[in-house]
Structure formats: structure tokens, C-alpha cells
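A.B. asks: Take this structure, written in C-alpha cells, and hold onto it; I'll ask about it next.
The values are calculated or read from the model by the stated rules, or taken from the named source; none is laboratory data. What you see is a predicted model; the values in this text were computed from it and never measured. Please note: Cβ atoms are built from the backbone with ideal geometry, for glycine as well, and neighbour counts cover all protein chains shown.
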Amino acid sequence: MHCHILPGIDDGPKTVDDALAMCRIAVEDGIHTIVATPHCYKGRYANDASTILPAYELLQRRIREEGLDLNLQVAGDMHIDPDLPAFLKDNPPLCAGGRFVLVELPSESIPRFVGEFLFSLRVAGFTPILTHPERNRMIQRRPALVEEWIKGGTFMQVTAMSLTGEFGAEAQNAAFALLDRGDVHFVATDAHSATWRRPVLSKAAELLRGRVGEKKARCLVKENPHRILAGENPLACASVYSS
């Protein structure tokens, strides 16, 4: 649900061959659907549908030519911007399931207007998904900060490598705290490369099965992502946590 795999348009793979190497790793890991989510970030990665869709169509074609059993879809990884609702209305292909929007917090802080911003997305007809909150320094200190946003209709995505400790102890501890509170709706790779941030979910899935059980692990890595792509709300984590 969150993967920087399109070649040459952000800090993901530079070439089509690099992107295909990521695809092969994903297939070998048992992943059968990838949502390509390039950064859309004013002043740094000025992407929109006009830059993303050609790269998506190129990689999709090469996947077919290689005979890889992989369903590639497309959305965007959005940075917080007051103009984002208007941007999304002009670029509807960048919403997963037609209405879900991946939104990235700054790593060191939480802007004071975040709650109002998330509400503005909802009013405009979009459903925000906050990506990797466990990697934000303020949430690492106070995981309960996300609960107000969840009550307002925002969903939470945790990165697989945070759960496995590859983003460090603070991110891992925050990821576990969010998970144990029932504040995680799905887990994604946030992959960028075939070498340093790989498209692998199996390690996190195994860890999840041991910590929260088979049913919730399946919900977090498979069922909820499928629901999002179908335009349906993810299941509440608490509804499967105790099962």
C-alpha cells in the first residue's frame, strides 16, 4: 500500500531495471499487489498525475513483459499542504480506492494545524491515512497523540521495518505501542530500493503473528489493504485484536 517503486521520479529506484529488481523481491516475498506511491512534495518532488502515470504505465508494461505475477496499482505519498484538497481533485488517480490519501508527517514535529488539515481532507471527500506515525519524534514520546485523529476518521499505517527494528529502537517501541493500543490499521513496506529499503513484508508478518495472532496479522497485511483498494474503510483493529 505504500511503495516508492516507480523509476526516476522521486527517491525510489533510478531506472526501470532497478524498479524491476524491487518487483522480483516483492514476488519472492509473497507480495502480489503493490501500490506505487511516489512523493508529491512541492519544491522537492513536484509530481502529479502527468509525471506519475507515464512512469506507472511503463513499469506496468515491463512487469507484464517479464511475466511477473504482480498487480501494480498507483496512488501518491502526499506531504502536508493546505492546498492538498484542491490538488487531489485535480489528480484523482493519486487516491487509493478513489478516496484514500496517504499523508506524511514531518519526522521531527507535528504542525499545529494537523487536526484542521485532516478535517479539511474529510470535508473535501477524501479519507486520510497517516503514514509511519511511529517515525515521528513527538509521537514516539506520546503515541496517544494519534487517537484524536483516528476519532476524526483518519487511519494509521505503520512501516514493516519499524516493527522489525530496522528503523531503530524508538520507532520500533512506538510501533509496538500503537499496535498494542489498537491504533494501527495496516502495515506497509514503504520500500525505496532493492538494497537498503526493500519491498519485504514477510518478516513483519511473522512478528505480527507472534504478537497479535494470525487473524489480526492477516488483517493488517492483507485484508485492510484490500479493503482500501476497494474503496472500503479498513476494519477497526480492536475488532480483531482480541479474537
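A.B. asks: Considering each of Asp29, Asp69 in turn, give the residue that is under 19 Å from His192 (Cβ atoms) and of a type in the set (D, E, K, R).
C.D. replies: Asp29
A.B. asks: Looking at the range 133-161, I want the residues that are within 24 Å of Val200 (Cβ to Cβ) and of a type in the set (Ser, Thr, Tyr) and have a partner that is at pLDDT 95 or above and surrounded by 15 or more Cβ atoms within 10 Å (Cβ to Cβ) with Cβ atoms under 6 Å, at least 6 apart or on another chain. Which pairs are those?
C.D. replies: Hits for this filter: Thr159/His132; Thr159/Asp190.
A.B. asks: Can you pull out every residue in the range 74-116 that is surrounded by fewer than 17 Cβ atoms within 10 Å (Cβ to Cβ) and among the polar types (S, T, N, Q)?
C.D. replies: Ser107, Ser109
A.B. asks: Next up: State whether the residues of the range 185-192 include one that is over 27 Å from Glu148 (Cα atoms) and among the hydrophobic types (A, V, I, L, M, F, W, C).
C.D. replies: Yes: one or more hits.
A.B. asks: Follow-up question, since we're still on this one. Exactly one condition in (1) farther than 16 Å from Leu102 by Cβ; (2) β-branched (Val, Ile, Thr); (3) at pLDDT 95 or above is not met by Val240; state its number.
C.D. replies: (3)
A.B. asks: So for the range 172-190 (the condition being of a type in the set (Phe, Trp, Tyr) and in contact (Cβ under 8 Å) with a residue 60 or more places away in the chain), does at least one residue qualify?
C.D. replies: yes
A.B. asks: Now for a separate question. Quick check on the range 228-237: of everything there that is crowded, with 17+ Cβ neighbours inside 10 Å and more than 13 Å from Val35 (Cβ to Cβ), which residue is modelled with the highest pLDDT?
C.D. replies: Looking at residues that are crowded, with 17+ Cβ neighbours inside 10 Å and more than 13 Å from Val35 (Cβ to Cβ), I get Pro234.
A.B. asks: Looking only at the range 1-50, which residues are outside any loop (DSSP other than H, G, I, E, B), over 24 Å from Phe155 (Cβ atoms) and in contact with a Leu (Cβ under 9 Å, 6 or more places away or on another chain)?
C.D. replies: Hits for the range 1-50 are Val16, Ala19, Leu20, Cys23, Arg24, Val27.
A.B. asks: Criterion first (over 21 Å from Ser162 (Cα atoms) and either in contact with a Phe, Trp or Tyr (Cβ under 7 Å, 6 or more places away or on another chain) or among the β-branched types (Val, Ile, Thr) (or both)) does Ile129 satisfy it?
C.D. replies: Judged against the criteria, Ile129 is not a match.
A.B. asks: A further question follows. For the range 175-197, name all the residues that are in a loop (DSSP other than H, G, I, E, B), surrounded by fewer than 20 Cβ atoms within 10 Å (Cβ to Cβ) and either on the phi > 0 side of the Ramachandran plot or among the charged types (D, E, K, R) (or both).
C.D. replies: Residues satisfying the conditions are Arg181, Gly182.
A.B. asks: Filter the range 153-171 for residues that are among the small types (Gly, Ala, Ser) and surrounded by fewer than 16 Cβ atoms within 10 Å (Cβ to Cβ); which is nearest to Phe100 (Cα to Cα)?
C.D. replies: Per the stated criteria, the residue is Gly153.
A.B. asks: Looking only at residues in the range 14-46 that are under 17 Å from the mean Cα position of the chain (by Cα) and of a type outside the set (A, V, I, L, M), which one is modelled with the lowest pLDDT?
C.D. replies: Tyr41
A.B. asks: What are the residues in the range 167-206 that are among the acidic types (Asp, Glu) and either modelled with pLDDT under 95 or farther than 24 Å from Met22 by Cα (or both), if any?
C.D. replies: Glu170, Asp180, Asp183
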